[in-house]
Amino acid sequence: MDAQVERPVTQENVQVVAKPRRRTYTAEYKRRILKEADACTTPGTVGALLRREGLYSSLLVEWRRARRRGELAALAPKKRGRTPTPVDPRDRKITELERQLAQMTGRAERAEALVEAQKNLAALLGRPGASAQS
């Protein structure tokens with residue numbers, strides 16, 4: 001029997017893709033493949049086409065159904081995920097006004113603290129008018 005020699009795993013001999021990407025196809029590519037597949041008449045030529053292009057037959061079936069339904073736009077790649085909800089302009093205005101209110105409130109609090117500090121300083125220095133209005 002042959003004895004197998006185990007090689008230690010190193011960075012050079014590991015060939016794993018970091019993160020696989022989903023393949024996307026342009027509408028032009030889909031139309032071209034459909035046209036080529038429709039032109040295939042002898043048995044096995046569609047399979048050869050799919051192997052050459054690295055496609056599955058289910059993609060071909062899906063693209064043909066979309067073409068049959070007349071969904072030419074469906075042949076374009078679709079964006080995955082949720083559809084974004086439209087932002088109401090009133091909500092945008094409310095957030096802007098809340099931000100302005102918070103900014104002004106902070107400025108008013110700082111101004112009040114500054115006036116209070118000036119009153120305390122005037123009282124310590126014994127200047128007149130320090131205890132006038134609180």
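The values are calculated or read from the model by the stated rules, or taken from the named source; none is laboratory data. Since the model is a prediction, treat every value here as computed from it, not as a measurement. Here the Cβ is made from the backbone with ideal geometry for all residues, glycine too, and neighbour counts use every protein chain on show.
Summary of values
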| item | result |
| --- | --- |
| Every residue from the range 97-127 that is modelled with pLDDT under 95, of a type in the set (Lys, Arg) and assigned to a helix (DSSP H, G or I) | 119 |
| Subset of the range 2-61 that is touching a helix residue (DSSP H, G or I) at 6+ places or on another chain (Cβ under 9 Å) and polar (S, T, N, Q) - its residue that is modelled with the lowest pLDDT | 26 |
| Qualifying residue in the range 70-79 (condition: surrounded by fewer than 10 Cβ atoms within 10 Å (Cβ to Cβ), of a type in the set (Lys, Arg) and not in a helix (DSSP H, G or I)) | yes |
